[in-house]
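Take a look at the structure below.
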Amino acid sequence: MRNKGTLEREFFVDPEGEGMTQPGEHRLNVLSFLKQNKQIKDLGLTVEACEPQNLTIDVRQLVKMNLAVRCFDENGLLRQEASIDPPEVEAFVPADQTATAKVRLTPSELERARGSPIQKTPYVELPGGQQRDVSTKVKVTMPSAEDVLSEQTIGSPKLGIELSLNLQGKCRVEVKNLSEVLRPFTLLATRDAKQAYEQEPFQMTLHILDGDEQVQTEQKKDVVYNLPWRFVQRGEIVPPQPPAQVSFRLTPISAEPP
């Protein structure tokens with residue numbers, strides 16, 4: 001059988017059958033294990049010696065958890081634009097492991113998913129390079145060509161200023177670099193996400209917080225981009241990096257001349 005290449009020389013350990021049911025390290029007597037192996041006995045063979053004589057097996061307890069499902073291509077790149085239904089599945093993973101369930105699509109599957117959902121079985125990666133399929137299947141849909149993320153230009157952004165209630169009527173905000181902040185910028189978005197973003201009352205907001213009025217000199221803060229949340233959740237719009245920075249100064253209103 002060995003000469004013909006038909007001899008299977010892989011032997012699988014059943015931890016429960018070996019009494020390894022508690023988490024932690026367990027020692028396996030390899031010689032004893034092989035002598036009791038049914039596959040070897042059926043061949044009419046007896047094991048006399050082996051190396052190594054002992055192996056250490058690490059047993060970890062798995063717990064059921066809800067895991068987010070992520071889609072990857074065959075190169076291992078995350079496809080954030082994929083829509084997955086359901087977005088979460090139950091799977092058994094080590095309690096101390098931060099895990100996600102994964103589906104992997106070939107180039108042909110990626111193209112088919114643009115026309116209609118395709119069904120895939122997610123899997124989780126366990127320690128030691130092991131993989132285990134999840135019992136729940138998911139449907140994966142890729143956006144059509146017009147919905148793919150691309151660079152979009154926001155030509156006329158508007159800036160809003162939000163003050164704490166404690167500061168309203170007490171301070172005046174003087175933006176020093178307004179023309180720089182309001183110049184056109186680009187971000188990654190689908191066409192629909194860009195249109196929804198442009199309809200927001202303000203594309204950016206500068207937040208003035210309690211305590212900012214105590215700074216007498218010029219201050220700098222990053223703006224907050226008011227991206228439409230429903231498109232953010234679907235990964236169809238990404239804020240520009242680094243964010244625009246506002247240079248401003250707070251002047252007490254009571255100190256202003258009449």
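Select from the stretch 109-125 the residues that are of a type outside the set (Ser, Thr, Tyr) and without any contact (Cβ under 8 Å) to a residue 40 or more places away in the chain and list them in ascending order.
GLU109, LEU110, GLU111, ARG112, ALA113, ARG114, GLY115, PRO117, ILE118, GLN119, LYS120, GLU125
Please go through (1) open to solvent by 30 Å² or more (accessible area, probe 1.4 Å); (2) touching a residue at least 24 places away in the same chain (Cβ under 8 Å) for GLN216 and return the number of the only condition it doesn't satisfy.
Here GLN216 clears every test but (2).
Is there a residue in the stretch 53-69 that is in a helix (DSSP H, G or I) and out of contact with any helix residue (DSSP H, G or I) (no Cβ under 6 Å at 6 or more places or on another chain)?
Checked the stretch 53-69: no residue is in a helix (DSSP H, G or I) and out of contact with any helix residue (DSSP H, G or I) (no Cβ under 6 Å at 6 or more places or on another chain).
Looking at the stretch 125-146, is at least one residue among the aliphatic types (A, V, I, L, M) and farther than 22 Å from GLY76 by Cβ?
yes
Suppose we keep only residues that are more than 19 Å from VAL246 (Cβ to Cβ) and polar (S, T, N, Q) within the stretch 187-213. Which one would you say is surrounded by the fewest Cβ atoms within 10 Å (Cβ to Cβ)?
Looking at residues that are more than 19 Å from VAL246 (Cβ to Cβ) and polar (S, T, N, Q), I get GLN199.
Which of the residues belonging to the stretch 196-210 are within 28 Å of the chain's Cα centre (by Cα), under 15 Å from TRP229 (Cβ atoms) and not aromatic (Phe, Trp, Tyr)?
Across the stretch 196-210, the qualifying residues are ALA196, GLU200, GLN203, THR205.
Six or more apart or on different chains, Cβ under 6 Å: which pairs go from a residue in the stretch 1-21 that's more than 13 Å from LYS38 (Cα to Cα) to one that's part of a loop (DSSP other than H, G, I, E, B) and open to solvent by 70 Å² or more (accessible area, probe 1.4 Å)? Could you list them?
Pairs found: LEU7/MET1.
Out of all the residues in the stretch 1-43, which are charged (D, E, K, R), closer than 20 Å to LEU55 by Cα and in a loop (DSSP other than H, G, I, E, B)?
Hits for the stretch 1-43 are ARG9, GLU10, ASP14, GLU16, GLU18.
What's the total number of residues in the stretch 214-236 that are at pLDDT 90 or above and either touching a Gly at 6+ places or on another chain (Cβ under 6 Å) or of a type outside the set (S, T, N, Q) (or both)?
The qualifying residues number 11.
Looking only at the stretch 82-133, how many residues end up being within 17 Å of the chain's Cα centre (by Cα) and not in a strand (DSSP E or B)?
Number satisfying all stated conditions: 8.
The values are calculated or read from the model by the stated rules, or taken from the named source; none is laboratory data. These numbers come from a predicted model, not from an experiment. No Cβ is skipped: glycine too gets one built from the backbone with ideal geometry, and neighbour counts run over all protein chains shown. Note: accessible area is taken over every heavy atom of the protein model, side chains too, but ligands, DNA and RNA are not part of it. Shrake-Rupley method; radii C 1.70, N 1.55, O 1.52, S 1.80 Å.
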